Structures are given as C-alpha cells and as structure tokens.
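So that we are looking at the same thing, I have put the structure below in structure tokens.
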Amino acid sequence: MNVNTAYLVARVSDRSQEAGYSLSSQERLLMEYASRNNLQVVKLFKLSETASKANERKVFEQIFKDLHKNKIFNLVFEKVDRSTRSFKWLVKFYDWFESDERRKLHLVYDNIILHKNSRSQDKLNYDMKVVWAKNYSDNLSEEVKKGHREKIRQMKYPGPVKFGYESIDNINKEYIPHPKLSKKITKCFKLYSTGKSSIADICIESFKFGLKTKEGNKLSSSRMHNILKDPFYYGYFRWNGKIYCGTHVPLISKDLYLKVQNILKRRTYSRYMKHNYLLQGKVVCGECGYTISWYQKKGHIYGKCSHFKECNQTINAREDRVEEEIKMQLRKLDSKNIKLTKWIKSVLNDEKTNELLSLQETKKGLNERLKKIDDMLSVAYQDKLNGEAEIKIYNSTTTRLNAEKEIIKEKLNGISEELKGLSDKKFSIAGLKGKNDLIYGSAGLEDKRKIISIAFSKISFKDGKGKYYLNN
C-alpha cells in the first residue's frame with residue numbers, strides 16, 4: 001500500500017487573495033513541498049474563507065470522508081492558521097492522525113509534521129499556534145461586529161450594496177439608487193401591489209423591461225420574493241432579525257411596501273392561488289361548508305364549490321351579482337347597525353391616516369437628504385474655487401450628486417401626488433355620512449375585502465342564492 005498519497009489544501013482568506021497571487025503561490029509552495037518529500041498528490045483542494053461557514057464545513061467534512069475512503073495518508077497545508085482556527089477541527093485532526101500511525105499532517109511554513117508518535121513538544125507547538133489563530137479570528141470577528149454596530153447607530157446599512165442601488169463609498173456604506181435599475185425595482189413593487197400577477201409573472205414581465213441578473217438572465221422567483229420582502233426599498237433595513245431606519249434614499253413608499261407584504265402573506269397561506277379575486281376566501285358553499293373557489297371565464301368571474309366532500313351544488317355564483325347583493329346588504333346596515341357603520345369608516349380612515357403619516361415621514365427624510373446634497377455641492381464648488389479639488393474629482397462628485405438629486409426630486413413629486421390622493425380619499429370617506437355602499441364603491445380591491453370581513457361574519461351560496469350573516 002502506498003503511504004505517500006497526499007491531499008493538498010490551499011486556503012485563502014478573502015476574494016482579493018483568491019483573485020491575486022496568494023492562491024497560486026500556495027499551490028506552488030505545496031506542490032514543491034510534495035515533490036521534495038516524495039508525496040504522490042492525489043488531489044489539490046482550493047478553499048475560500050469568504051464562503052459561508054456551512055459550505056466550508058461541508059467541504060472539510062468531504063475532505064475527511066475522502067481521506068478515509070481513498071486511503072490518503074498525508075494532508076498538507078501551508079501553515080497552521082490555514083488548517084484550522086477552531087478547537088472542534090483541532091480535535092478532528094488529532095482523531096484522524098492518531099487513529100493510524102501512517103497518517104501525517106504537514107504544515108509547511110511552520111515546519112511541523114504531526115503523526116501518532118510525534119513528540120509532545122511538536123503537539124504543544126501546534127496547539128499553541130491554533131490558539132493564537134483562533135484568537136486572531138475571534139478578534140477580527142469582534143472588530144467587524146463593532147463596525148456593524150457603529151454603522152447601524154449612524155442609520156447606515158452595514159451589509160453589501162442591494163440590488164437596485166450602487167455604492168459611492170464602500171468604506172462608509174453610502175448607497176444611492178442606481179439611475180436605471182432603481183426605477184425597474186419600483187415598477188416590480190407597483191405591478192405586484194395590484195394583486196393581479198404572481199411572482200413568476202413579475203419575473204417574466206421585469207425581464208421584458210430590462211431587469212436582469214449580472215449574467216443577463218431573468219431573476220429567479222426566490223430572488224424576486226426576497227426583493228419584495230426587503231424593507232431596504234422603503235428606507236429601512238433588516239439586520240440580525242431587527243428592523244432599523246436607514247438614511248439611504250427609498251425607492252418606494254411604506255404604504256406600497258405594506259400593501260405588497262399583505263399580498264405576499266395571503267399567498268403564503270393560499271399557495272396555489274394565482275389570482276387575487278375580490279371574494280377569494282370570503283364565500284362558502286351553503287351545503288357542504290367548504291370555501292368556494294373562483295375562476296375567470298368569458299369576461300366574468302365565477303365561483304363554484306370544489307366538492308371536497310359529497311355535495312350536490314352545481315349552480316355557479318357570479319362575482320358581479322354577489323357584489324351587488326353585498327352593496328344592498330351594506331345599505332340595510334346603515335339603519336340597522338350604526339355602530340358597525342362607524343367602525344368601518346374609522347378602520348378605513350385610520351389606515352389612510354397611517355399611510356399619510358408614513359409618506360410624510362418619507363418626504364421629510366428625502367428633503368433632509370436633498371439639503372445635505374446641496375451643502376455637499378456647495379462645499380465641492382468652494383474647494384474647486386480655492387484650488388483644493390482636482391477638476392476630474394470635482395466633475396465626478398458633482399455628476400453623482402446631481403444624479404441622486406434628480407432621483408430624489410422625482411420621488412418627492414410621486415409622494416406629493418400620493419399624499420394628495422390619500423387626503424382626497426380620506427376626506428371623501430369622512431364625507432359619505434355613513435353610507436356604507438358608497439364607501440364600499442369608492443374603495444380599492446384590498447379595502448373592499450376588508451369591508452366585507454368587517455361587515456359579515458359569513459357569506460354562503462346555495463342553489464343560486466346568497467345568504468349574508470352580519471357581524472353583531
């Protein structure tokens with residue numbers, strides 16, 4: 001049996017080393033070492049510590065499995081901290097080479113070869129180097145976390161740049177909307193908020209208007225889902241499970257974000273629902289009690305019993321006719337239950353008030369950013385006049401700041417229109433004097449669904465007729 005078989009492991013700490021000379025220099029060093037010591041190289045592994053810990057663990061586990069399976073007796077690393085910075089893996093290395101006296105762990109730079117019969121001094125030397133490597137790793141992690149906490153305190157997202165944004169300062173984490181991608185991301189949110197398209201539909205549609213991956217491909221459904229769930233796009237950011245307010249320019253209003261979350265949440269429970277119908281989940285079969293499902297055919301929306309258990313209902317409900325009956329019931333409700341009528345109005349008005357406050361908060365943040373940009377442009381101009389700034393740097397800075405300024409102005413115009421629309425809607429609801437059918441008629445799809453939920457405890461359909469049970 002050949003006891004000179006060897007696995008070589010080259011390991012780099014970051015992408016710059018991976019792209020630069022560290023990886024290739026390690027490979028050369030390990031190959032030269034193997035040649036000098038008459039080791040037969042079976043495989044060379046290349047690892048990057050920038051990969052997730054889970055992936056790195058999987059690779060290491062696979063290496064150890066292959067060591068046993070392929071009867072490899074030599075494992076070669078550049079130095080101790082390239083082999084492990086963890087006590088857990090220290091134990092694994094010991095278990096491996098102490099279970100067979102033919103096995104050896106080689107650490108080239110440290111001039112250490114460990115095996116079952118190694119001197120205690122060599123093992124102590126190795127152990128101490130692992131301790132120092134772990135201390136270095138822990139200290140580095142601590143400093144990174146400290147930096148993250150400081151960024152969060154400054155209301156800046158400490159992570160990498162988000163899709164739809166670009167970085168103007170990687171060190172200070174200054175992100176601004178990408179002049180082209182940001183508008184396409186906003187369009188995705190608006191399309192999904194209508195409730196008429198699935199995430200897969202949005203992926204296809206967004207590809208048509210130019211939203212693509214770096215490789216030029218269509219966005220996957222999972223990535224689109226993550227974008228639609230990300231609070232970063234309305235001016236906040238999620239970090240370690242908590243939501244923080246950010247200073248970056250939002251692409252959408254909080255109202256639009258929350259509307260999208262409501263649709264996402266509803267479709268999580270209704271996994272196979274592809275359409276957002278008005279009465280979806282609101283009407284049950286009057287015979288078997290199961291929920292009626294809705295579908296579109298020849299310009300109309302129909303509801304039918306799915307017959308999950310024995311049921312003789314064959315007459316389909318038509319959405320527009322059921323809706324007319326709902327309006328009639330709401331007219332009756334005006335005189336029957338004044339308290340419930342007031343509640344419907346208050347719920348809708350409270351929602352509009354919250355939307356107004358959210359938009360006003362976003363508007364305030366954008367105006368503050370606009371003022372900051374004007375101050376920065378003024379300082380840059382003064383530096384240019386005083387000869388303290390190079391023309392090339394000045395032009396680059398002002399171009400970037402003016403581009404961001406235009407994006408903010410465009411957002412502010414959109415917010416002003418939304419604020420006016422919400423104010424008009426709020427006052428129109430307040431001025432309807434308790435006429436529930438008129439409130440219902442002026443509402444959007446989501447508000448109509450809310451009114452139905454508030455007003456009716458149950459709606460059933462049997463033999464072509466509906467029964468409406470009002471909430472007490």
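The values are calculated or read from the model by the stated rules, or taken from the named source; none is laboratory data. Note that this is a predicted model, so its numbers are computed, not measured. Every residue, glycine as well, gets a Cβ built from its backbone with ideal geometry; the counts of neighbours run over all protein chains shown.
Select from the range 394-422 the residues that are β-branched (Val, Ile, Thr) and under 17 Å from Asp374 (Cα atoms) and write down the one among them that is surrounded by the fewest Cβ atoms within 10 Å (Cβ to Cβ).
Result: Thr399.
When the residues of the range 171-212 are filtered to those that are of a type in the set (A, V, I, L, M) and outside any helix (DSSP H, G or I), which remaining residue is farthest from Ile415 (Cα to Cα)?
Ile171
Can you report the number of residues in the range 213-228 which are part of a loop (DSSP other than H, G, I, E, B) and within 18 Å of the chain's Cα centre (by Cα)?
Summing the residues that are part of a loop (DSSP other than H, G, I, E, B) and within 18 Å of the chain's Cα centre (by Cα) in the range 213-228 gives 5.
Here's something else I'd like to know. Return yes when Leu422 is at pLDDT below 70 and not in a loop (DSSP other than H, G, I, E, B) and no when it is not.
yes
Being within 18 Å of the chain's Cα centre (by Cα) and on the phi > 0 side of the Ramachandran plot: is that true of Gly164 here?
Answer is yes for this residue.
Considering only the range 154-172, I want to know if a residue exists there that is more than 20 Å from Ile373 (Cβ to Cβ), touching a residue at least 60 places away in the same chain (Cβ under 8 Å) and hydrophobic (A, V, I, L, M, F, W, C).
Yes, the conditions are met somewhere in the range 154-172.
A further question follows. Among the candidates Lys88, Lys145, Lys123, which residue alone is more than 23 Å from Gln26 (Cβ to Cβ) and under 31 Å from the mean Cα position of the chain (by Cα)?
Answer to the check: Lys145.
When you check Leu278 against the structure, is it outside the structural domain of His178 (by TED's automatic domain parsing) and at pLDDT below 90, yes or no?
yes
Let me ask something else about it. Among the residues of the range 454-465, is any modelled with pLDDT under 80, assigned to a loop (DSSP other than H, G, I, E, B) and surrounded by 13 or more Cβ atoms within 10 Å (Cβ to Cβ)?
Quick first cut of the range 454-465, residues modelled with pLDDT under 80 only: 454-455.
Right, trim to assigned to a loop (DSSP other than H, G, I, E, B) and you get none.
No - not one qualifying residue is present in the range 454-465.
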